[in-house]
1. With respect to the numbered conditions (1) outside any strand (DSSP E or B); (2) free of Cβ contacts under 8 Å to residues at least 40 places away in the same chain, which one is the sole condition not fulfilled by Ser60?
2. Please tell me if Leu27 is part of a helix (DSSP H, G or I) and either touching a residue at least 40 places away in the same chain (Cβ under 8 Å) or surrounded by 12 or more Cβ atoms within 10 Å (Cβ to Cβ) (or both).
3. Take Ser5 and decide whether it is modelled with pLDDT under 95 and either surrounded by 12 or more Cβ atoms within 10 Å (Cβ to Cβ) or outside any loop (DSSP other than H, G, I, E, B) (or both).
4. Return yes when Glu14 is outside any loop (DSSP other than H, G, I, E, B), among the charged types (D, E, K, R) and touching a residue at least 40 places away in the same chain (Cβ under 8 Å) and no when it is not.
5. Would you please name the residue that is nearest to Phe2 (Cα to Cα), looking only at residues in the range 30-75 that are among the charged types (D, E, K, R) and surrounded by 12 or more Cβ atoms within 10 Å (Cβ to Cβ)?
6. Just checking, does the range 34-54 include any residue being in contact (Cβ under 8 Å) with a residue 40 or more places away in the chain, assigned to a loop (DSSP other than H, G, I, E, B) and within 11 Å of the chain's Cα centre (by Cα)?
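The values are calculated or read from the model by the stated rules, or taken from the named source; none is laboratory data. If you're wondering where the values come from, they're calculated on a predicted model, not measured in any experiment. So basically every Cβ, Gly included, is an ideal-geometry build from the backbone, and we count neighbours across all protein chains shown.
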Amino acid sequence: MFDLSTMKVGSKSEIIAIENSSIKSKLIELGFLVGSSLEVVFKAPLGDPIAIEINSTVISLRKDEANLIKVRKKN
């Protein structure tokens, strides 16, 4: 299990959990659901923000937001 923020550009993974926080419901509304597949498509030089492709949509997250999403690498 890894934090989404630690994944490299081009990495594909599956969401296995989202930590409880004030933005958990917003992440779910954006499509970050347990079991969903995603890919890291861009990371700024200092790792913040991070662009994620999920459900054919690219969404930008702050690093602290990406830390809330726990993922498993996909082969």
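1. Unmet condition: (1).
2. Numbers: part of a helix (DSSP H, G or I): yes; either touching a residue at least 40 places away in the same chain (Cβ under 8 Å) or surrounded by 12 or more Cβ atoms within 10 Å (Cβ to Cβ) (or both): yes.
For Leu27, the condition - part of a helix (DSSP H, G or I) and either touching a residue at least 40 places away in the same chain (Cβ under 8 Å) or surrounded by 12 or more Cβ atoms within 10 Å (Cβ to Cβ) (or both) - is met.
3. yes
4. Yes, satisfied.
5. Lys70
6. Pass one, the range 34-54, residues in contact (Cβ under 8 Å) with a residue 40 or more places away in the chain: 47, 50, 52.
In the following step, the residues that additionally are assigned to a loop (DSSP other than H, G, I, E, B) were identified as 47.
Checking the rest, the ones that are also within 11 Å of the chain's Cα centre (by Cα) come to none.
So far as the range 34-54 goes, no, none of its residues is in contact (Cβ under 8 Å) with a residue 40 or more places away in the chain, assigned to a loop (DSSP other than H, G, I, E, B) and within 11 Å of the chain's Cα centre (by Cα).
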